[in-house]
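Student: Structure provided below as structure tokens; questions to follow.
What follows is calculated from the coordinates using simple rules that are stated; it is not laboratory data. Note that the coordinates shown come from a computational prediction; the quantities given were computed from them, not determined experimentally. Reconstructed Cβ throughout: ideal geometry from the backbone, glycine too, with neighbour counts over all protein chains shown.
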Amino acid sequence: MYGYGSAAEVELDLHGYSVQDALEEFVALYNRLCERRHPPDIRVIHGYGSGGKGGEIRDRLRAFLSSYPDHLKWVEGEKAENNPGVTLVRPRRPLPDAVSRLASEILDYCRAGKTIGQITNKFSFRYGEPQVKQAVRELEQAGRLKVVYKGKHKKYEAVG
């Protein structure tokens, strides 16, 4: 990829954020920029893990970006500018917000029935237990999750 470092570039510094907050901040900025006819590139400054944490934000951000190849292009800073503490992103179209991603992940996880405990254990670390339980309630109300009983266990299964 080429063209990074042009005047049409926005910087986002994620130092000091938790991993989840960093991802939410990135998506919020990214989606705001996608409202423009020609969104600028984003130079995400996340550090490279010199504080002993191993670059958690960098690793999670890059894994997240990799899951949306039809929404954006990106390149590691070490390839573009010999800097592992940045990632360069070229927006194409908006990304799903955290609530939409959580709902999608829960539906995928619940293809085979899962208890509320299994669901919260899987997603609470990233999204928080109240948000996970709320998402399950909303998915059930929308008819996208159904309740099934396996013996005495109440489980949720994705519909469709």
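Student: Work from the charge dipole of the chain (Cβ charges, +1 for Lys and Arg, -1 for Asp and Glu, about the Cα centre) and give the residue of Ala98, His153, Asn83 farthest towards its positive end.
Tutor: Of the options given, the answer is His153.
Student: Okay, moving on. For segment 88-160, what does the relative contact order come out to in percent, with C-alpha contacts under 8 Å and a separation of six or more?
Tutor: 35 percent
Student: Please list, or write none, the lysines whose alpha carbon is within less than 27 Å of the alpha carbon of Lys73, excluding same-chain residues fewer than 8 places away.
Tutor: Cα-Cα hits under 27 Å: Lys53.
Student: Relative contact order (percent) for segment 1-143, with alpha-carbon contacts under 8 angstrom and 6 or more residues of separation?
Tutor: That works out to 22 percent.
Student: Enter the angle in degrees (range 0 to 90, nearest 10) between the Cα long axis of helix 19-34 and the first principal axis of the Cα atoms of the chain, meaning the one along which they spread out most.
Tutor: Compared with the principal axis, the helix lies near 70 degrees.
Student: Next up: Could you check the simple spin-label distance between Asn121 and Val99, using points 7 Å along Cα→Cβ, in nm with one decimal?
Tutor: It works out to 2.9 nm between the two label points.
Student: Can I ask one more? State the extension gain, in nm to one decimal, for the chain segment bounded by Lys133 and His71, taking 0.36 nm per residue of separation less the distance between their alpha-carbons.
Tutor: Full extension of this stretch gives 19.5 nm more.
Student: Please give the FRET efficiency for Gln20 paired with Val148, using the beta carbon to beta carbon distance and R0 = 25 Å, rounded to the nearest 0.05.
Tutor: 0.20
Student: Moving on. For segment 1-143, give the magnitude of the charge dipole about the Cα centre (Cβ charges: +1 Lys/Arg, -1 Asp/Glu; no others), in debye to the nearest 20.
Tutor: Value, rounded to 20: 340 debye.
Student: What Rg and what Dmax come out for the chain when only alpha-carbon atoms are used, in angstroms?
Tutor: Here Rg and the maximum Cα pair distance are 18.5, 62 Å.
Student: Which aspartates and glutamates, if any, have their Cα less than 12 Å from the Cα of Lys155, not counting same-chain residues under 8 positions apart?
Tutor: Of all the aspartates and glutamates, those that pass the test against Lys155 - Cα under 12 Å, at least 8 places apart if same chain - are Glu140.
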